[in-house]
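Okay, so here's the structure we're looking at.
The values are calculated or read from the model by the stated rules, or taken from the named source; none is laboratory data. Since the structure is predicted, the reported quantities are computational estimates derived from the model, not experimental observations. Here Cβ is always computed from backbone atoms with ideal geometry, including for glycine, and neighbour counts include all displayed protein chains. For accessibility, only protein heavy atoms count, side chains too; no ligands or nucleic acids. Shrake-Rupley method; radii C 1.70, N 1.55, O 1.52, S 1.80 Å.
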Amino acid sequence: MSSRIDQSLSYLNNLKKIPVEAGNVDCLFSTKSFKTELLKQIEKAKKRIYLTALYLEADEAGEDILNALYLAKKNTPELDIVVLIDYHRAQRGLIGSKKSSATNTTWYQEVARVEGLGISIVGIPVKRKELFGVQHLKGFIFDDEILYSGASFNNIYLNQHDKYRLDRYWLIENKKLANSMVEFLQNSILNTAAVASLNTETITPFPDLKVAHKKLSRALKESRYSFIEEDCTDQLSIVPISGLGARKNRLNKTIRKIFQSATKEVVLFTPYFNLPKALAKDINALLKRGVELTIVVGDKTANDFFIPESEPFRTISALPYLYECNLKQFCKTHQTSIAQGQLNIHLWKAGNNSFHLKGIYSDKRFVMLTGHNLNPRAWRLDLENGLLIDDPKQQLEGLLQDELSEILINTTRINEYTDITDISLYPENVKKLLMRMRRLKADKLVKGLI
């Protein structure tokens with residue numbers, strides 16, 4: 001076992017890293033401060049703004065962001081402004097909403113007719129259909145500063161009204177890291193023929209992107225963030241990492257190495273409890289060797305697919321209950337570790353708000369900031385990235401502890417697996433669907449796709 005730990009630690013130690021000053025790293029704790037910081041960074045940028053997210057929604061908060069980008073371009077014409085989002089997601093409405101010809105892309109086009117094309121809004125088609133994988137790279141670059149979050153741009157992520165979706169929000173000022181992230185986007189994605197402009201009058205249909213898309217998919221599996229290596233021995237440093245696909249996925253491998261190298265304690269944030277088999281295996285091994293594990297997971301009511309019983313039932317609304325069943329089984333399996341205080345499961349719930357945090361904190365040294373969902377779908381299909389922070393002298397320990405303390409305010413610890421609602425008490429429509437899936441053994445298939 002010690003050999004596996006040593007090998008995993010050696011892997012993490014030998015990654016090429018970018019040194020960073022502790023004073024240039026900060027953390028925000030609320031969706032309100034996230035939006036305020038976004039608008040501030042857009043306003044003060046002088047050279048470049050690169051925003052990478054799943055989507056930019058046609059709602060009030062999305063409009064605030066897009067208007068701010070156009071105003072920044074007007075005030076500083078030489079600003080290079082690029083928004084990179086998922087090609088397919090941009091051309092449909094919200095899940096469950098009525099079909100309409102009005103989509104995010106039609107909104108981008110309408111604004112561009114008035115404001116011009118000084119801003120590039122680019123769609124990345126990771127797979128031929130959204131069902132098979134999405135553009136899930138994260139990170140907002142303003143000149144030499146990075147605001148890293150798993151959030152996208154819409155009313156709930158930016159707390160436009162009285163409801164929010166909580167994420168993580170980390171600020172890092174580092175020219176080399178910012179350059180590396182922008183160059184990755186330019187060289188690996190923007191300079192290919194596989195992407196499409198989403199705010200021009202005509203959007204290239206996917207069949208016309210097909211050949212270039214295949215090349216892009218193959219290339220992204222091998223792509224790396226590029227930078228000149230420096231000696232970072234015993235220094236605070238950062239590694240930008242990307243990953244796509246089940247095989248040779250560098251991000252997935254690094255995440256596994258974090259769990260495999262841990263000897264004292266690990267904190268895991270995840271909105272959905274549906275771990276890939278490989279990661280579940282690593283977590284089981286971690287518990288067996290006595291490592292303390294804290295998992296902060298969203299309550300089913302804090303899931304973005306949750307629909308109250310008062311609203312009409314839709315099949316998609318069963319997902320939060322399926323995740324909860326997974327969690328209950330995990331807690332039942334590891335009840336002894338929970339009782340001994342080695343395993344701490346915290347359920348996050350704050351009114352009708354939702355939970356979208358992802359990431360890992362291991363042995364007060366390795367920190368993974370990521371938008372990676374850590375589920376079978378993302379593990380195999382989505383284009384993901386993350387920033388691995390190596391903090392050998394615990395210079396960020398105070399910030400990380402403050403962040404964790406703020407998050408835990410709205411959580412409840414699971415003391416017994418029976419604290420989690422049993423399927424027999426679920427709404428009738430949900431219970432029937434889940435029981436039918438179990439009988440047909442379809443639940444395992446579905447878990448592999450979500």
Enumeration of residues in the range 233-255 that are closer than 30 Å to Ile316 by Cβ and at pLDDT 95 or above: Ser242, Gly243, Leu244, Asn249, Leu251, Asn252, Ile255
Mind listing just one residue for me: the one in the range 162-191 that is in a loop (DSSP other than H, G, I, E, B) and out of contact with any strand residue (DSSP E or B) (no Cβ under 7 Å at 6 or more places or on another chain) and, of those, least open to solvent (accessible area, probe 1.4 Å)? Asp167
Residue pairs qualifying under the 6 Å Cβ cut-off, at least six apart or on distinct chains, with the first in the range 278-291 being closer than 18 Å to Trp379 by Cβ and the second being surrounded by 13 or more Cβ atoms within 10 Å (Cβ to Cβ) and among the basic types (Lys, Arg), are Asp282/Arg256
Considering each of Ser242, Ser223 in turn, give the residue that is farther than 30 Å from Lys431 by Cβ, in contact with a Lys or Arg (Cβ under 9 Å, 6 or more places away or on another chain), among the polar types (S, T, N, Q) and touching a residue at least 24 places away in the same chain (Cβ under 8 Å). Ser242
Could we say that Phe366 is touching a Pro at 6+ places or on another chain (Cβ under 8 Å) and either modelled with pLDDT of 95 or more or open to solvent by 70 Å² or more (accessible area, probe 1.4 Å) (or both) here? no
All positions within the range 292-337 that are among the aliphatic types (A, V, I, L, M) and farther than 20 Å from Met435 by Cα: Leu293, Ile295, Val296, Val297, Ala302
With the requirement that a residue be hydrophobic (A, V, I, L, M, F, W, C), more than 23 Å from the chain's Cα centre (by Cα) and closer than 26 Å to Tyr87 by Cβ, what does the range 20-68 give you? Ala45, Ala68
Does at least one position in the range 344-352 carry a residue that is without any contact (Cβ under 8 Å) to a residue 40 or more places away in the chain and surrounded by 14 or more Cβ atoms within 10 Å (Cβ to Cβ)? no
Would you call Val82 among the hydrophobic types (A, V, I, L, M, F, W, C) and buried (at least 23 other Cβ atoms within 10 Å of the Cβ)? no
Tally, over the range 408-420, of residues that are surrounded by fewer than 18 Cβ atoms within 10 Å (Cβ to Cβ), of a type in the set (A, V, I, L, M, F, W, C) and in contact with a helix residue (DSSP H, G or I) (Cβ under 8 Å, 6 or more places away or on another chain): 0
Only residues that are within 24 Å of Ala378 (Cβ to Cβ), of a type in the set (A, V, I, L, M, F, W, C) and part of a loop (DSSP other than H, G, I, E, B): list them for the range 218-256, please. Leu244, Ala246
Looking only at residues in the range 301-332 that are outside any helix (DSSP H, G or I) and under 19 Å from Leu357 (Cβ atoms), which one is least open to solvent (accessible area, probe 1.4 Å)? Asn303
Determine the pairs where a residue that is touching a residue at least 12 places away in the same chain (Cβ under 8 Å) and closer than 8 Å to Tyr169 by Cβ, located within the range 23-35, has a partner that is acidic (Asp, Glu) and loosely packed, with under 15 Cβ neighbours inside 10 Å with Cβ atoms under 6 Å apart, the partner being 6 or more residues away or on another chain. Phe29/Glu406
Of those in the range 213-232 that are among the hydrophobic types (A, V, I, L, M, F, W, C) and within 21 Å of Ala246 (Cα to Cα), the residue surrounded by the fewest Cβ atoms within 10 Å (Cβ to Cβ) is Ala219
Condition check for Ser405: open to solvent by 30 Å² or more (accessible area, probe 1.4 Å), of a type in the set (Ser, Thr, Tyr) and under 17 Å from Val296 (Cβ atoms): yes
Is there any pair linking a residue in the range 170-183 that is over 11 Å from Phe142 (Cα atoms) and at pLDDT 95 or above to one that is open to solvent by 40 Å² or more (accessible area, probe 1.4 Å) and not in a helix (DSSP H, G or I), with Cβ under 8 Å and at least six apart or on different chains, and which? Trp170/Asp26; Lys176/Ile228; Ser180/Ser226; Glu183/Ser226
Which numbered condition in (1) in contact with a strand residue (DSSP E or B) (Cβ under 9 Å, 6 or more places away or on another chain); (2) closer than 28 Å to Asn353 by Cβ; (3) open to solvent by less than 70 Å² (accessible area, probe 1.4 Å) is the only one that Val20 fails? (2)
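Mind counting the residues in the range 351-378 that are over 10 Å from the mean Cα position of the chain (by Cα) and not acidic (Asp, Glu)? Walk me through it before giving the result.
Step one: filter the range 351-378 for residues over 10 Å from the mean Cα position of the chain (by Cα), giving 351-355, 360-368, 375-377.
Right, trim to not acidic (Asp, Glu) and you get 351-355, 360-362, 364-368, 375-377.
Residues that pass the stated criteria total 16.
Limited to the range 50-69, what total is found for residues that are part of a strand (DSSP E or B) and either more than 16 Å from Ala151 (Cβ to Cβ) or open to solvent by 60 Å² or more (accessible area, probe 1.4 Å) (or both)?
Here is the first cut: in the range 50-69, the ones part of a strand (DSSP E or B) are 50-52, 56.
If we keep only those that are either more than 16 Å from Ala151 (Cβ to Cβ) or open to solvent by 60 Å² or more (accessible area, probe 1.4 Å) (or both) as well, we get none.
Counting residues in the range 50-69 that are part of a strand (DSSP E or B) and either more than 16 Å from Ala151 (Cβ to Cβ) or open to solvent by 60 Å² or more (accessible area, probe 1.4 Å) (or both) gives 0.
Taking Arg48, is it more than 22 Å from Tyr169 (Cα to Cα), out of contact with any His (no Cβ under 9 Å at 6 or more places or on another chain) and not aromatic (Phe, Trp, Tyr)? Before the answer, list the steps.
Working: more than 22 Å from Tyr169 (Cα to Cα): no; out of contact with any His (no Cβ under 9 Å at 6 or more places or on another chain): yes; not aromatic (Phe, Trp, Tyr): yes.
The answer is no for Arg48.
Scanning the range 258-300 for residues that are open to solvent by 40 Å² or more (accessible area, probe 1.4 Å) and part of a helix (DSSP H, G or I), which turns out nearest to His346 (Cα to Cα)?
Filtering the range 258-300 for residues that are open to solvent by 40 Å² or more (accessible area, probe 1.4 Å) and part of a helix (DSSP H, G or I), the one nearest to His346 (Cα to Cα) comes out as Asn284.
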